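Colleague: Here's a structure for you.
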Amino acid sequence: RGRHRRLNYPCGLHPCHMMGHMSEHHTEHLFPASVYQHRLTQAATAARNAGLDGLIFGTGAELAYLTGSWISTHERLTALIIPTDGSEPTFILPAVDRGDLALSAIPELTVTVRGWVDGDNPHDLAVKALHLAPDTHPTIGLGSSLTADHVLPLQQRIGGSTVLAATVLKELFMRKAEEEITALRNAAAAIDRVFAAVPKLLQPGRSEQDVARDLNYLILKEGHAAVDFIIVGSAANGANPHHSYSDRILKAGDVVVVDIGGTYGPNYHSDCTRTFIVGGPEEQHNPDIAAMYNVLERAQAAAVAAVKPGVTAESIDRIARNIITEAGYGEQFIHRTGHGIGLSTHEEPFIMEGNHLTLEPGMAFSIEPGIYIEGQYGARIEDIVVVTETGCETLNNQPRSLQ
Ligand code: ZN
Ligand code: ZN
């Protein structure tokens, strides 16, 4: 899907801040420090090999990948600076936020921490930490989450050129390491346990909102640290892939799209969709729905079966789309087939027309074709898959039939 409803945390805080038991959470949401130390080295090496003279990251998923930190400091510059000359990375942040470092691996990493106070110039500090040789024309990679109020003063001080760090670190971010695949597998197993309970939640007379409230509870109960989004799209609401949930009351025989996800363990995302019939499949008497769903099941299964190293991302989209189009529903499949997943719900690789990227082992993404009959109902089947040496592993394994 294009966009999931996000249940935002107040002030953009990571949920750990609100839970009040930081030390308990410290180990649970982090990999061992050696993992982050290794990633810092890999990032510096990849940047150097690509001809860059350094990297600067703001807060967000890229910083979390490299240091385990989800710190959020809003308009004040917090940045990880990685020189490519072999010297130590520097983490600069407003001094007042230093206490939050305990939630990350930073205290255990070979990283210089530099707190700044009002009156200091954080952009000067950041560029100095790159250790650039004077009178050169450096090329610096900037993190995707840095905003214009930081990018412009950084560019001015760097003087040379800037590129998006993700363009040279793509491989590193997209090819998940074993510990990341384990984290995604655990997240998927947790959301599968929630799905096992969904049929009995979908009772006539209950509203989408009632079901969403139960799902919110179950997502946390099954071990997620936070709920990411909840979609309960019954009848015509299911035909809108951007629907979240409403006060619509469920009726026996309604088609319901349930798409849910959360963050688990070291903040890896789950994201899974199944389609249900209120009251169970025996309440479904419309042959059009059965025919449509059969096409969708075939399309989703064929796309999953085609995932292997060496094929392109767009070829997977085409396989699902061709089956749906040949059956006459092409106009009703209105989004791309899938998106990468990891520390964010939507990231590269995107499984869509025009993406010539060749799939490689370790890449993790969704396969989620859908058919949306405007004004009537919708259906979607979504699994997270990880590319293996010979094919792929499907992380979600609840039944895919209309339940
Ligand atoms: Zn998805
Ligand atoms: Zn989804």
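The values are calculated or read from the model by the stated rules, or taken from the named source; none is laboratory data. Note that the structure is a prediction, hence the values are computed from the model and not measured. Here the Cβ positions follow ideal geometry from the backbone for every residue, glycine too, while neighbour counts run over all protein chains shown. Quick note on the areas: whole protein, heavy atoms, side chains included, nothing else; ligands and nucleic acids left out. Shrake-Rupley method; radii C 1.70, N 1.55, O 1.52, S 1.80 Å.
Colleague: Helix-only mean residue ellipticity at 222 nm, the chain, DSSP H runs n ≥ 4 weighted -39,500 (n - 2.57), per residue, nearest 500. What is it?
Modeller: Result for the chain: -10000 deg cm²/dmol, rounded to the nearest 500.
Colleague: Binned at 10 Å from 0, what are the whole-percent values of the Cα-Cα distance distribution for segment 183-234, short to long?
Modeller: 24, 56, 18, 2
Colleague: If you count only protein heavy atoms with a 1.4 Å probe, what accessible area per residue comes out for the chain, rounded to a whole Å²?
Modeller: Solvent-accessible surface per residue comes out at 40 Å².
Colleague: Looking at the chain, do any whole DSSP H helices span at least 18 angstrom along their long axis by alpha carbon and average -0.5 or above on Kyte-Doolittle, and which?
Modeller: Span-like helices, by this rule, are 178-196, 208-221, 287-306, 313-326.
Colleague: Checking the cross-link filter: which aspartates and glutamates have an alpha carbon closer than 16 Å to that of Lys176, excluding same-chain neighbours under 8 positions apart?
Modeller: Cα-Cα hits under 16 Å: Glu62, Glu347, Glu348, Glu360, Glu389, Glu393.
Colleague: Mind telling me which of Gly342, Gly238, Gly223 comes out most flexible in a GNM of the chain, alpha-carbon contacts under 10 Å?
Modeller: Checking each option, the largest mean-square fluctuation is seen for Gly223.
Colleague: Another question, if that's okay. Which length gain, in nm to one decimal place, applies between Arg175 and Ala95 when the Cα-Cα distance is subtracted from 0.36 nm times their residue separation?
Modeller: 25.3 nm
Colleague: Turning to a different aspect of this structure: Starting from 0.36 nm per residue, how many nanometres of slack lie between Gln376 and Ala133 once their C-alpha separation is accounted for?
Modeller: 81.1 nm
Colleague: Can you pull the one-decimal nm distance between simple spin-label points at Thr45 and Ala148, each 7 Å off the Cα toward Cβ?
Modeller: 3.8 nm
Colleague: Within segment 366-403, which residues have the backbone N less than 16 Å from the label spot 7 Å out from Asp288 along Cα→beta-carbon, could you tell me?
Modeller: Under 16 Å, as judged by backbone N against the label point of Asp288, lie 371-379 of segment 366-403.
Colleague: So if I average 1/r over every pair of distinct C-alpha atoms in segment 221-321 and take the inverse, what Kirkwood radius in Å does that give?
Modeller: So the Kirkwood estimate lands at 15.8 Å.
Colleague: Give me the percent of accessible area attributable to carbon and sulfur for segment 97-197, probe 1.4 angstrom.
Modeller: 53 percent
Colleague: Return the long-range amide H neighbours of Leu146 (sequence gap of 5 or more, or a different chain), with a cut-off of under 5 Å between placed amide H atoms.
Modeller: So Leu146 has HN proximity to Gly58.
Colleague: When all protein chains stay in place, what accessible area (Å², nearest 10, 1.4 Å probe) is found for Cys392?
Modeller: 40 Å²
Colleague: Pulled fully out, how much extra length does the chain show between Thr112 and Leu164, if you take 0.36 nm times their separation in residues and subtract their Cα-Cα distance?
Modeller: Fully extending the segment from Thr112 to Leu164 adds 16.4 nm.
Colleague: Heavy atoms only, probe 1.4 Å: what % of the accessible area of segment 234-352 goes to carbon and sulfur, would you let me know?
Modeller: 51 percent
Colleague: I'd like the Kirkwood hydrodynamic radius of segment 309-403, using the inverse of the mean 1/r over distinct C-alpha pairs, in Å.
Modeller: 13.9 Å
Colleague: Also: Among the lysines, which fall within straight-line cross-link reach of Lys200, defined as a Cα-Cα distance under 30 Å, with same-chain neighbours fewer than 8 residues apart omitted?
Modeller: Counting by Cα, and skipping residues close in sequence, Lys200 has these lysines nearby: Lys221, Lys251.
Colleague: How long is the chain along each principal axis, judged by its Cα atoms, biggest number first, in Å?
Modeller: Cα extents, longest axis first: 74, 45, 33 Å.
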